[in-house]
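A short write-up of the structure that comes next.
Laboratory data are not the source of any read-out in this text; all were calculated from the coordinates shown. Since we're looking at a predicted model, the values are computed, not measured. Here Cβ is always computed from backbone atoms with ideal geometry, including for glycine, and neighbour counts include all displayed protein chains.
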Amino acid sequence: MVSELQVKHEVLNPPLKWAGGKRWLVPILHTMWKHYSGYRLVEPFVGGMAVALGLRPQKALLNDSNSHLMNFYFWLQKGLHADVNFKNDSCYYYSCRERFNQLILNGEADTKEAANLFYFMNRTGYNGLCRFNSKNQFNVPFGRYKSLNYPKDFLGYVPVLRKWHFSAVDFVDLYLQPNDFVYADPPYDVQFTRYSASDFKWNDQIRLAEWLACHKGPVVASNQATERVLALYQSLNFSITFLDAPRRISCNGDRKPAREILATRGINLNKLL
């Protein structure tokens, strides 16, 4: 049995690969979070869960519209043990992908089997991408890694995750309280935004920014530093900080830092950063 003291000091890495993961941003977010550590952390787009695992709040509401991702977290919270014979083989990968998509068609996307397959495809597929077509079918190709490690026992996550609440709804359906610290990391304002069956378009960027502006507590949002994103958040009286983010996935091999913004409300960055 893992004690509370062990959990407090144990470093838990994100269990999934995740494009655009925010582990690099955690030290910066922590400078803000430490002043609100008694608040509930709310993430409308939890993604790879790097921020929550890095900040380690006592209370959290972690949401994502990608129901398959959230199903994996639901089972992780229960103490998932991946009892599948995973192997780094293209034929096996595509058979698992076909089985996973069949589970979706059968209405069994919330099962432990689906969670296991989602984990395997995340580790084995190309660059850890999570991509679905308009029919909600997973379509990431085989990754062609020379070797892969498949950790299968996730019991170490249970004592931390059992205190958190997970959901898979549109962000506007989240009920916020004044003492919530909201960190929003939506799909960025770039060409590819289909991380789930529904796309995240510019109108959704506007909906999100306006929803965040209505929150009475501290808010932090990250996004690509495009002209229209910058103008959107400035028009809603957010404070803007520019950051150089590491670029881990690029189709043309470009690994130069990507220009990003942190848009904040209710936080005095001048005293923190």
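The charge dipole of the chain, taken about its Cα centre with unit charges on the Cβ of Lys, Arg, Asp and Glu (plus for the first two, minus for the last two), comes to roughly 620 debye.
For segment 82-152, just say rounded, prolate or oblate: build the C-alpha gyration tensor, square-root its eigenvalues into a ≥ b ≥ c, call rounded for a/c under 1.5, and beyond that prolate if a/b exceeds b/c, oblate if not. Here segment 82-152 falls in the oblate category.
For segment 75-158, the residue among G79, S147, N122 whose Cα projects farthest onto the positive side of the dipole built from Cβ charges is S147. Computed packing ranks the peptides 236-246, 67-77 as 67-77, 236-246, most packed first, by mean other Cβ atoms within 10 Å.
Rounded to the nearest Hz, the phi-derived 3J(HN,Hα) couplings of segment 135-147 under the Karplus curve 6.51 cos²θ - 1.76 cosθ + 1.60 (θ = phi - 60°) are 9, 6, 9, 5, 9, 6, x, 4, x, 6, 7, 5, 8, where x marks glycine and proline. Taken about its Cα centre, segment 82-152 carries a charge dipole of about 300 debye when Lys and Arg each add +1 at the Cβ and Asp and Glu each add -1 at the Cβ.
Scoring 30-39, 54-63 by mean Cβ neighbours within 10 Å over their residues and listing the highest first yields 54-63, 30-39. From the coordinates of this entry, volume of the Cα convex hull per residue in Å³ is computed, and it appears in (1) 157; (2) 135; (3) 216 under the label (2). Here the Karplus curve 6.51 cos²θ - 1.76 cosθ + 1.60, taken at θ = phi - 60°, turns the phi angles of segment 37-46 into couplings of 5, x, 7, 7, 7, 10, 10, x, 10, 5 Hz, with x standing for Gly and Pro.
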